[in-house]
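Here's the structure, in structure tokens; my notes come after.
The values are calculated or read from the model by the stated rules, or taken from the named source; none is laboratory data. Predicted, not measured: the structure shown is a model, and the values here were computed from it. For neighbour counting, all protein chains shown are included, and Cβ atoms are generated from backbone atoms with ideal geometry for every residue, glycine included.
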Amino acid sequence: DIAIAAIGAGRRAAEAIDQYLLKGMVEQPEEPYTCMKGEWQSLPAEAFADVALLDRQEIPVHPPEARIRNFDETTTTWNPEKAMAEASRCLSCGCTERYECTLRNYATQYGVTFEALEKTTPLPIDANHPIITRDTGKCILCGLCLKVCREMEGVSALSFYETNNVLTIGPNDHRPLDLTTCVACGHCTTVCPTGALTLKPTLPHVYRAIHDPELTVVAQIAPAVRAAFREYYAIDAADVMPVLSAGLKQLGFDYVFDTCWAADLTIMEEGTEFLSRLAEGGVLPQITSCCPAWVNYCEKMAPDILPHLSSCKSPQQMFGAVMKQYFAKQLNVRPELLYFVSIMPCNAKKYEAKRPEFQTDGIPDVDMVLTTNDVIAMFRERHIDPHVLSPVPLDDLFGKVSGAGIIFGASGGVAEAALRLAAERVTGRRMEGFAYEGVRGLQGVKETTVVLGDSQVRLAVVSGLQNAQNLIDRIRSGDAPYDLIEVMACPGGCINGSGNPAPLLTSDTEQRLDVLYRLDEDAAIRTSQDNPSVQDIYANWLGQPYSEISHHALHTTYRR
Ligand code: HC0
Ligand code: SF4
């Protein structure tokens with residue numbers, strides 16, 4: 001019965017069988033079990049009962065379309081019927097959704113019948129991209145990747161093209177994906193229903209590291225992860241970080257820190273850079289550089305804009321430098337034996353961590369990046385249930401974070417955090433209110449002017465690269481009268497990153513935003529400059545913001 005279910009329900013059932021095999025409840029079937037090969041449509045519903053028990057009840061389903069549902073239809077026509085007609089070309093191994101096979105659902109919806117596959121000429125696999133593998137043979141021309149790349153990210157790296165007399169989707173000039181305009185946002189991999197576009201695996205590396213007795217394994221958790229994690233497990237916002245920390249400790253991590261600490265450090269550097277550009281007539285507007293997909297976009301599509309980018313590394317990479325150059329010394333371990341893992345809402349962060357600029361003598365500052373989805377998968381694999389974990393506080397030394405650091409995860413948050421520093425520096429007075437409403441909200445473009453003492457700061461906050469391109473055009477034509485611009489590639493900011501579970505409704509995104517602003521309101525410290533452990537690192541190591549040591553450790557340059 002179980003074997004029948006395995007044929008019927010694809011990878012999901014195959015995993016269930018794995019569980020049975022592990023427990024010694026069944027013997028290895030003679031035929032290997034693969035998804036989508038059998039005549040599952042004729043199976044009785046009871047065949048699925050066991051599988052349903054194992055996972056269907058507990059796994060919320062995030063269909064790929066959910067990610068793009070909230071965005072306006074414009075040019076791309078997605079034709080699922082045609083896609084499924086093409087689908088008979090390859091159905092045997094494309095499934096990447098472990099718990100809910102979207103392809104199978106479409107097949108049911110559109111009445112596709114499967115035939116035995118004949119051997120076809122394999123199409124080339126593009127594994128050149130640092131984080132994405134493109135296996136053209138699995139493409140069913142559904143067009144979702146195209147749509148998300150063009151309409152949500154504003155990149156258009158993909159299009160229909162023909163290779164070996166087969167119509168497929170990919171870079172239209174036959175170049176490897178990494179050499180196109182692809183910014184490595186990763187959104188296409190989250191919507192691909194067949195595994196034609198997949199992320200390179202990261203979990204095995206992390207499992208290996210936490211089982212290596214020689215390594216000290218440290219995690220950092222990005223601001224926007226907490227909002228998605230709270231939503232996914234329906235736990236209280238205030239408990240998310242200690243619960244997540246407890247889960248990571250149970251997995252085998254030695255230390256757990258909050259990237260918001262490094263966001264505070266970034267504000268000290270980026271805010272100081274901004275004030276000095278203002279005072280000394282530097283290149284304005286200054287544009288934020290913490291979103292790696294945005295940096296990729298600038299390098300590939302608008303190198304003339306690079307002088308506007310802040311020279312600051314992103315919080316992820318600043319924390320990496322602090323780990324390898326400072327924390328390793330505190331622990332008395334060699335930097336190569338400190339394995340630093342980021343937990344991010346974003347796949348472009350995987351790309352960023354692999355950049356050669358962020359390595360010293362071949363040792364990366366951030367060794368591996370996991371997404372929120374990856375951590376959820378690890379918790380499942382290790383049967384860690386956040387609902388029953390006893391919360392464990394984050395580790396000391398970098399344990400205190402400000403509300404300014406927390407709001408980094410929302411579009412407008414970096415600008416607001418910088419304003420909180422600039423306001424005090426310019427006026428010389430302590431702040432009374434902290435909220436800058438003009439930069440908050442989910443609109444793709446926000447513009448506001450803030451009065452600081454005798455000066456005015458003109459800001460623009462942009463999310464979604466399509467909006468960024470409009471802004472670039474305005475900067476080029478001299479029609480962008482701003483001092484500071486924040487750009488995030490994903491609409492709404494990191495809360496909508498491709499590494500977070502897809503928000504099913506617009507209200508989910510609004511709630512994620514809300515969670516970050518509520519955590520900020522409840523925070524004991526509201527500004528980066530008031531964070532005592534950030535003050536400590538200046539006293540103990542860096543000296544002043546924008547000092548020579550800071551420049552060496554925390555700033556970077558860009559590729560043209
Ligand atoms: Fe973000 Fe970040 S806020 S880019 O969205 O600046 O990924 O959450 O971690 O680095 O802090 C993502 C989120 C980060 C960085 C921070 C910035
Ligand atoms: Fe387009 Fe992002 Fe996929 Fe690159 S990673 S092809 S930019 S959707």
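Among the residues of the stretch 200-210, is there at least one that is within 15 Å of ligand 2 (Cβ to nearest atom) and touching a helix residue (DSSP H, G or I) at 6+ places or on another chain (Cβ under 9 Å)? Quick ask: steps written out before the conclusion?
Filtering the stretch 200-210 down to residues within 15 Å of ligand 2 (Cβ to nearest atom) leaves 200.
Filter again for touching a helix residue (DSSP H, G or I) at 6+ places or on another chain (Cβ under 9 Å), leaving 200.
Yes, that holds for at least one residue.
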Could you check, for the stretch 318-339, whether at least one of its residues is outside any helix (DSSP H, G or I), in contact (Cβ under 8 Å) with a residue 24 or more places away in the chain and under 23 Å from THR557 (Cα atoms)? no
Taking the stretch 340-363 on its own, how many of its residues are part of a helix (DSSP H, G or I) and either without any contact (Cβ under 8 Å) to a residue 12 or more places away in the chain or at positive phi (or both)? 1
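Between GLY413, GLY464, GLY441, which is at positive phi and surrounded by 21 or more Cβ atoms within 10 Å (Cβ to Cβ)? Lay out the reasoning, then the answer.
Numbers: GLY413 fails: at positive phi; GLY441 fails: surrounded by 21 or more Cβ atoms within 10 Å (Cβ to Cβ).
One residue alone meets the criteria, GLY464.
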The one condition ARG474 fails out of (1) over 15 Å from ALA228 (Cα atoms); (2) in contact with a helix residue (DSSP H, G or I) (Cβ under 8 Å, 6 or more places away or on another chain) is (2)
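Got a sec? Which helices (runs of 4 or more DSSP H) wholly within the stretch 163-263 have at least 2 residues that are surrounded by 24 or more Cβ atoms within 10 Å (Cβ to Cβ)?
Details: elements: 187-191, 203-210, 225-233, 240-251.
It comes to 187-191, 225-233, 240-251.
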Restricting the stretch 109-140 to residues that are among the hydrophobic types (A, V, I, L, M, F, W, C), modelled with pLDDT of 75 or more and crowded, with 20+ Cβ neighbours inside 10 Å, the residue that is farthest from ligand 1 (Cβ to nearest atom): CYS139
Given (1) out of contact with any strand residue (DSSP E or B) (no Cβ under 9 Å at 6 or more places or on another chain); (2) over 19 Å from PHE319 (Cβ atoms); (3) away from ligand 1 (no atom under 14 Å from the Cβ), index of the condition ASN373 fails: (3)
Tell me which residues, restricted to the stretch 392-410, are crowded, with 18+ Cβ neighbours inside 10 Å and either within 16 Å of ligand 2 (Cβ to nearest atom) or of a type outside the set (Lys, Arg) (or both). LEU394, PHE398, VAL401, SER402, GLY403, ALA404, GLY405, ILE406, ILE407, PHE408, GLY409, ALA410
Within the stretch 468-508, restricting to residues that are crowded, with 24+ Cβ neighbours inside 10 Å and of a type in the set (Gly, Ala, Ser), the one that is farthest from ligand 1 (Cβ to nearest atom) is ALA468
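Among the listed residues ALA262, ALA222, ALA227, identify the single one that is within 11 Å of ligand 1 (Cβ to nearest atom) and in contact with a Cys (Cβ under 8 Å, 6 or more places away or on another chain).
Working: ALA262 fails: in contact with a Cys (Cβ under 8 Å, 6 or more places away or on another chain); ALA227 fails: in contact with a Cys (Cβ under 8 Å, 6 or more places away or on another chain).
On inspection, the qualifying residue turns out to be ALA222.
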Could you list all residues from the stretch 444-454 that are surrounded by fewer than 16 Cβ atoms within 10 Å (Cβ to Cβ), in contact with a helix residue (DSSP H, G or I) (Cβ under 6 Å, 6 or more places away or on another chain) and more than 22 Å from MET301 (Cα to Cα)? LEU452, GLY453
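How about the stretch 271-292: which of its residues are more than 9 Å from ligand 1 (Cβ to nearest atom) and either touching a residue at least 60 places away in the same chain (Cβ under 8 Å) or within 17 Å of the chain's Cα centre (by Cα) (or both)? Steps first, answer last, please.
First pass over the stretch 271-292, keeping only residues more than 9 Å from ligand 1 (Cβ to nearest atom): 271-287.
Within the stretch 271-292, GLY271, THR272, GLU273, PHE274, LEU275, SER276, LEU278, LEU284, PRO285, GLN286, ILE287 meet the criteria.
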